[in-house]
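Undergrad: Handing you this structure, nothing more for now.
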Amino acid sequence: MFDINRVELDWGGRKLTLETGKVARQADGAIIATYGETTVIATVVAAKQPKAGIDFLPLTVNYQEKYYAAGRIPGGFFKREGRPTEKDTLTSRLIDRPIRPLFADGWRCDTQVIITTLSHDQENDPDIVAMIAASAALTLSGAPFMGPIGGARVGFSNGEYVLNPTIDEMAESQLDLVVAGTQDAVLMVESEAKELSEDIMLGAVMFGHRHFQPVIKAIIELAEKAAKEPRDFAIPDVSAIEKEMLGVVEKELRAAYSIPRKAERQDAVAAVKKKAMAHFFPDGTDNPERPMARVAGVFKELEGKIVRWNILDTNKRIDGRDLVTVRPIVSEVGLLPRTHGSSLFTRGETQAIVIATLGTGEDEQWIDALHGTYKEAFLLHYNFPPFSVGETGRVGAPGRREIGHGKLAWRAIRPILPSKEDFPYTIRVVSEITESNGSSSMATVCGTSLALMDAGVPLKRPTAGIAMGLILEDKRYAVLSDILGDEDHLGDMDFKVAGTEEGITALQMDIKIAGITEEIMKVALGQAKNGRIHILGEMAKAINTARAELGEHAPRIETFKIPTDKIREVIGTGGKVIREIVEKTGAKINVEDDGTVKVASANGDSIKAAVKWIKSIASDPEVGMIYDGTVVKVMDFGAFVNFFGAKDGLVHISQLASNRVQKTSDVVKEGDKVKVKLLGFDDRGKVRLSMKVVDQTTGEDLEGKQNADQPREAAGAE
């Protein structure tokens, strides 16, 4: 019934299995991939007919983690997976980026790749398995995919690279790098690093590239047995259209791409495109032999060629810069009066307002992931409103691009944050992009570093980021520092590097061609380092170290420990006690399982009151000490006084005053504030207190004073 084909290989010390023919047989391509005991299914379906009227590749990649894969039921009210998690979105992008450049030019059929986790062994992250499964499914599908690709995760510990480290091993690694590519070249890199050098980062990329070659060979072996016949697809010949278009608009298009300002340049290019379309479609109607979408696509290709020719021939770019110059930078801090920290970072026509907010343990974000639930104390959110590029558009929940750009900046900043022990705050950063012409994610890195220092967060070192581009024609190439938006769209590479003066903290690379070589990556990394150091120098003109004190509106946190057996008393039944402390003092309180207590408030008196209250509950009163108390109950034989947090004690009627007391109510009533001395405990452990030995005005110990005075009186009598 089943025509099953499979390949197996030992890869990084674990078995990798790729199987097809048993599941999802109506899809164009389907793969069950297992690595260790982590299993995913990847399917590919491509529409039979191209989508009319479009000039782009309609590719969709959907990665989805199912909680049953780890034997878990989703948290929350709805016990079903909902919208994609951040991990789902980031992994979908991770797979999309290396496969997109390998589809044949002109492929316009809707193509959907769906990858689902079926089993997770808590050791092997499913993202690499998913990437390999998607590559294999595409290779089998018959779609014009010029793969396969391979992918690997690379760690770095004790001076050595580690292939596909487990989740536990990643906790000790100085590097988390994912690399993907073909047999010949690298297509995509995504990484977070602890200030590693350019040489170590380049070595990690090439290490990963070498070690996923057996996976590519295995996919080819499987395809030789089970691949579908290639789809009939002919790349349309547009050379005649291009030649004719060059004769009509080349001069005007070159002139348009010599205009430095983005808005003016876009207007000029739009006018040239209008002239070109009017030439080919004078009556405004489509021509089946030369469709409008195809002609528009040729114009777009011609834009790229004009820009590329100019750069390679003259070493001058669209805005007149040479290859290595960074656009003018202006950095400001303390921009907003009520926020905890803020900055405005402007680089050319790219600008970000970045706001830092400090919170407590209550503000940490719960993450419900396949490998378990955990708290995240550093949050970075990136917003890209349409006005930042002078357009109208949808405003709502963040899209894949916003999530991806925010995560890149998060990776760049996280390695230089102080430890929780040194800085026990939850940190949230929001980057509002107000202008964009070039890398807004790298502007976010720079602005975040500035805003955190403005907030008083003791970063290890300031951090900056820069985006590099590439123009590659045959054997000629040019690496561009601080690329413009047009250079990104029309070039061959988007290579983003963030880090400090000491080393790289994040690296992301996307290639739009068949890949680049080690030599080109080495040049790009070296050029990026020079640019990063220059940007750090410009940022230092605004601020170069964290402020000595937090802003006046930021919460202060006092941390101390209580015995773990006292935690229950501090929290109270159903949280009653801790709620009362919060309500009456106004402080935020977080009690951890190990007895660590964090008390936070912008008001110092609130912190003192809450700390005193908690310590009174978590510690025992000392005999002979004087305490402030409140009369809570009046009896014939004396008064009960609450004097030490939740603790009450009895002031016997004989201890109310120095003179004889007939009725307790003659001296105190419920609610009175009194001062008491702890005399000790009776045979049953009940607390014995005294008011008569304490001056109720000054709190002075009258009994202690009398004892201290007696020797002096005796000496005087002699």
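The values are calculated or read from the model by the stated rules, or taken from the named source; none is laboratory data. The structure presented is a predicted model; accordingly, all values stated were derived computationally and were not measured. Note that we place each Cβ from the backbone using ideal geometry, even for glycine, and neighbour counts take in every protein chain shown.
Undergrad: VAL129: in a helix (DSSP H, G or I), more than 21 Å from the chain's Cα centre (by Cα), crowded, with 17+ Cβ neighbours inside 10 Å and not aromatic (Phe, Trp, Tyr), yes or no?
TA: Here the answer is yes, as VAL129 does meet what is asked.
Undergrad: Still on this model: Among what's in segment 368-394 and is touching a helix residue (DSSP H, G or I) at 6+ places or on another chain (Cβ under 7 Å) and closer than 28 Å to LEU484 by Cα, pick the residue that is surrounded by the most Cβ atoms within 10 Å (Cβ to Cβ). Explain how you work it out, then say what you get.
TA: Of the residues in segment 368-394, the ones touching a helix residue (DSSP H, G or I) at 6+ places or on another chain (Cβ under 7 Å) are 369-371, 378, 380-384, 390, 392-393.
Checking the rest, the ones that are also closer than 28 Å to LEU484 by Cα come to 380-384, 390, 392-393.
Values: LEU380: 24, HIS381: 17, TYR382: 26, ASN383: 19, PHE384: 23, GLY390: 12, THR392: 7, GLY393: 10.
Per the stated criteria, the residue is TYR382.
Undergrad: Do any strands (runs of 3 or more DSSP E) entirely within segment 1-84 hold 3 or more residues that are free of Cβ contacts under 8 Å to residues at least 40 places away in the same chain, and if so, which? Break it down stepwise before answering.
TA: Numbers: elements: 5-11, 14-20, 29-35, 38-50, 59-64.
Strands (runs of 3 or more DSSP E) meeting the threshold: 14-20.
Undergrad: From the residues in segment 1-49 that are closer than 18 Å to ASP125 by Cβ and charged (D, E, K, R), which one is surrounded by the most Cβ atoms within 10 Å (Cβ to Cβ)?
TA: Checking each candidate, the answer is ARG14.
Undergrad: Now a separate question. Quick one: which of THR357, THR339 is farther than 20 Å from ASP488 by Cβ, in contact with a helix residue (DSSP H, G or I) (Cβ under 9 Å, 6 or more places away or on another chain) and part of a loop (DSSP other than H, G, I, E, B)?
TA: THR339
Undergrad: Here's something else I'd like to know. Residues of segment 255-273 being surrounded by 13 or more Cβ atoms within 10 Å (Cβ to Cβ) and either in a loop (DSSP other than H, G, I, E, B) or among the β-branched types (Val, Ile, Thr) (or both), which ones?
TA: TYR257, SER258, ILE259, PRO260, VAL269, VAL272
Undergrad: While we're on this one: Restricting attention to segment 401-414, does a residue exist that is assigned by TED's automatic domain parsing to the domain that holds ASN437, part of a loop (DSSP other than H, G, I, E, B) and closer than 18 Å to PRO84 by Cβ?
TA: Looking through segment 401-414, none of the residues is assigned by TED's automatic domain parsing to the domain that holds ASN437, part of a loop (DSSP other than H, G, I, E, B) and closer than 18 Å to PRO84 by Cβ.
Undergrad: In the list ASP232, ASP283, ASP237, which residue meets the criterion of being within 30 Å of ALA133 (Cα to Cα), among the charged types (D, E, K, R) and at pLDDT below 90?
TA: It is ASP232.
Undergrad: Still on this structure, I have one more. With surrounded by fewer than 20 Cβ atoms within 10 Å (Cβ to Cβ), at pLDDT below 85, assigned to a loop (DSSP other than H, G, I, E, B) and not hydrophobic (A, V, I, L, M, F, W, C) as the only criterion, which of GLY671, GLY685 stands out?
TA: Residue meeting the stated conditions: GLY685.
Undergrad: Within segment 273-324, work out how many residues are of a type in the set (Val, Ile, Thr) and more than 25 Å from TRP107 (Cα to Cα). Spell out how you get there, then give the answer.
TA: From segment 273-324, those of a type in the set (Val, Ile, Thr) are 285, 295, 298, 306-307, 311, 314, 318, 324; that's our starting set.
Those left that are additionally more than 25 Å from TRP107 (Cα to Cα): 311, 314, 318, 324.
Residues flagged as of a type in the set (Val, Ile, Thr) and more than 25 Å from TRP107 (Cα to Cα) within segment 273-324 amount to 4.
Undergrad: Quickly run through segment 179-190 and pick out the residues that are crowded, with 24+ Cβ neighbours inside 10 Å and of a type outside the set (D, E, K, R). Before the answer, list the steps.
TA: Filtering segment 179-190 down to residues crowded, with 24+ Cβ neighbours inside 10 Å leaves 179-181, 187-190.
Scanning segment 179-190 gives VAL179, ALA180, GLY181, LEU187, MET188, VAL189.
Undergrad: Here is a follow-up. Hey, any hits in segment 135-147 for a residue that's touching a helix residue (DSSP H, G or I) at 6+ places or on another chain (Cβ under 8 Å), part of a strand (DSSP E or B) and of a type outside the set (S, T, N, Q)?
TA: So far as segment 135-147 goes, yes, one or more of its residues are touching a helix residue (DSSP H, G or I) at 6+ places or on another chain (Cβ under 8 Å), part of a strand (DSSP E or B) and of a type outside the set (S, T, N, Q).
Undergrad: Something else: How many residues, within segment 39-79, are under 25 Å from ALA133 (Cα atoms) and of a type in the set (D, E, K, R)?
TA: Matching residues across segment 39-79 total 4.
Undergrad: Return the residues of segment 50-79 that are modelled with pLDDT under 95, surrounded by 11 or more Cβ atoms within 10 Å (Cβ to Cβ) and of a type in the set (Val, Ile, Thr); say none if nothing qualifies.
TA: ILE54
Undergrad: From the list PRO230, PRO214, exactly one residue is part of a loop (DSSP other than H, G, I, E, B) and touching a residue at least 24 places away in the same chain (Cβ under 8 Å). Which is it?
TA: PRO230
Undergrad: Answer yes if at least one residue in segment 581-594 is among the charged types (D, E, K, R), touching a strand residue (DSSP E or B) at 6+ places or on another chain (Cβ under 8 Å) and in a strand (DSSP E or B), and no otherwise.
TA: The answer is yes, given that some residue of segment 581-594 is among the charged types (D, E, K, R), touching a strand residue (DSSP E or B) at 6+ places or on another chain (Cβ under 8 Å) and in a strand (DSSP E or B).
Here's the yes/no breakdown for (1) at positive phi; (2) crowded, with 17+ Cβ neighbours inside 10 Å:
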{"residue": "LYS275", "(1), (2)": "no, no"}
{"residue": "MET292", "(1), (2)": "no, no"}
{"residue": "LEU302", "(1), (2)": "no, yes"}
{"residue": "LEU312", "(1), (2)": "no, no"}
{"residue": "ARG317", "(1), (2)": "no, yes"}
{"residue": "GLY320", "(1), (2)": "yes, no"}
{"residue": "VAL324", "(1), (2)": "no, no"}
{"residue": "GLU332", "(1), (2)": "no, yes"}
{"residue": "VAL354", "(1), (2)": "no, yes"}
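Undergrad: Considering only residues that are under 25 Å from LYS512 (Cβ atoms), without any contact (Cβ under 8 Å) to a residue 60 or more places away in the chain and surrounded by fewer than 23 Cβ atoms within 10 Å (Cβ to Cβ), which ones fall in segment 191-211?
TA: GLY203, PHE207, ARG210
Undergrad: Tally the residues that are of a type in the set (S, T, N, Q) and either more than 25 Å from the chain's Cα centre (by Cα) or under 12 Å from LEU472 (Cβ atoms) (or both), restricting the search to segment 491-540. Before you say what the answer is, go through the steps one by one.
TA: Step one: of segment 491-540, the residues of a type in the set (S, T, N, Q) are 500, 505, 508, 517, 527, 530.
Among the residues that remain, those that are also either more than 25 Å from the chain's Cα centre (by Cα) or under 12 Å from LEU472 (Cβ atoms) (or both) are: 517, 527, 530.
Total meeting the criteria: 3.
Undergrad: What number of residues in segment 154-190 are outside any loop (DSSP other than H, G, I, E, B), without any contact (Cβ under 8 Å) to a residue 60 or more places away in the chain and within 21 Å of MET493 (Cα to Cα)?
TA: Count: 1.
Undergrad: So for segment 482-490 (the condition being in contact (Cβ under 8 Å) with a residue 60 or more places away in the chain, more than 19 Å from TYR257 (Cβ to Cβ) and under 24 Å from the mean Cα position of the chain (by Cα)), does at least one residue qualify?
TA: no
Undergrad: Just to be sure I understand, how many residues within segment 603-620 are of a type in the set (Gly, Ala, Ser), part of a helix (DSSP H, G or I) and either over 14 Å from THR360 (Cβ atoms) or assigned by TED's automatic domain parsing to the domain that holds LYS420 (or both)?
TA: Residues in segment 603-620 being of a type in the set (Gly, Ala, Ser), part of a helix (DSSP H, G or I) and either over 14 Å from THR360 (Cβ atoms) or assigned by TED's automatic domain parsing to the domain that holds LYS420 (or both): 4 in total.
Undergrad: Give just the number: which of (1) without any contact (Cβ under 8 Å) to a residue 12 or more places away in the chain; (2) outside any helix (DSSP H, G or I); (3) not aromatic (Phe, Trp, Tyr) does ALA600 not satisfy?
TA: Exception for ALA600: condition (1).
Undergrad: Would you confirm, using the coordinates I've provided, whether ILE617 is crowded, with 18+ Cβ neighbours inside 10 Å and touching a Phe, Trp or Tyr at 6+ places or on another chain (Cβ under 7 Å)?
TA: For ILE617, the condition - crowded, with 18+ Cβ neighbours inside 10 Å and touching a Phe, Trp or Tyr at 6+ places or on another chain (Cβ under 7 Å) - is not met.
Undergrad: Something else about it: In segment 311-331, which residue that is more than 15 Å from ASP488 (Cα to Cα) and part of a helix (DSSP H, G or I) is nearest to the chain's Cα centre (by Cα)?
TA: The qualifying residue nearest to the chain's Cα centre (by Cα) is LEU312.
Undergrad: Going by what's in this entry, would ILE543 be described as in contact (Cβ under 8 Å) with a residue 60 or more places away in the chain, within 30 Å of GLU332 (Cα to Cα) and β-branched (Val, Ile, Thr)?
TA: The answer is yes for ILE543.
Undergrad: What's the number of the only condition in (1) over 13 Å from LYS561 (Cα atoms); (2) within 33 Å of the chain's Cα centre (by Cα) that GLU583 fails to meet?
TA: Result: GLU583 fails condition (2) only.
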